[in-house]
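Computed from the coordinates by the stated procedures, all read-outs in this text should not be read as laboratory data. Small disclaimer: the values here were computed from a predicted structure and weren't measured. A quick note on method: Cβ atoms are made from the backbone with ideal geometry, for glycine too, and the neighbour counts reach across all protein chains shown.
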Amino acid sequence: MSASRRYPDRPFLAASVCVVRDGRALVAARGRPPLEGVFSLPGGLVEVGETLVEAALRELMEEVGVEADMLGFIKPVEVIERDASGGTKHHFVVLAHAARWVAGEPVVGEEALEVRWVTPADLAGMPTTTGLAAIVEAALARAGEA
């Protein structure tokens, strides 16, 4: 089995987290392909021996320097990018979670070109991953901040 993220032999499992604070959710513009520059949730691949929650919270800290308390699972998101000939260039299954902000102010870096605290309405004019607004709405509702 190939370990390459480009033209993989299998989907890659990832976890993301929608952090809620004062009625807003934290989003980050991706710093790497696929979807470089597009706003999404902090997240990344699950490592061997790591739970989904551990992976989501680790990626949150690594990508944007924020700590959060997990509230629960929201939904799966499938990211499949095909090339011009129909080949599968990327395939990720991302399990999105909701969490409440605990500490740290978000910072940009290699993995996050820009970070913002947003409402679902703010997302309307932004380049985002498919379904991001619905995940933000669900996370805000889960946190009782909708």
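Note down the net charge around Gly109, summing +1 for each Lys or Arg and -1 for each Asp or Glu among other residues with Cβ under 10 Å from its Cβ.
Combined, the nearby Lys, Arg, Asp and Glu give -4.
I need the phi-derived Karplus couplings for region 108-124: 6.51 cos²θ - 1.76 cosθ + 1.60, θ = phi - 60°, integer Hz, Gly and Pro marked x.
Coupling constants for region 108-124: 8, x, 4, 8, 10, 6, 8, 10, 8, 8, 10, 9, x, 5, 4, 5, 4 Hz.
Counting only Cα, what are the radius of gyration and maximum Cα-Cα distance Dmax of the chain, in Å?
When restricted to Cα atoms, the chain yields Rg and Dmax of 14.7, 46 Å.
If neighbour count is taken as other Cβ atoms inside 10 Å, put Asp69, Asp22 in order from fewest to most.
Asp22, Asp69
So, counting K/R as plus one and D/E as minus one, what does the shell of residues with Cβ under 15 Å around Val66 add up to?
-4
Starting with the fewest neighbours, write out Val38, Val19 ranked by other beta-carbon atoms found within 10 Å of each beta-carbon.
Ascending Cβ contact count within 10 Å gives the list Val38, Val19.
Loop only by DSSP, 15 or fewer other Cβ within 10 Å of the Cβ. Give me the GluC sites (Glu not before Pro) in region 10-86 that pass, ordered by residue number.
Sites meeting the loop and neighbour criteria: Glu36, Glu47, Glu50.
For the chain, what does the helix formula give at 222 nm: sum of -39500 (n - 2.57) over DSSP H segments with n ≥ 4, over the residue count, nearest 500 deg cm²/dmol?
When only DSSP H runs of four or more count, the value is -5000 deg cm²/dmol.
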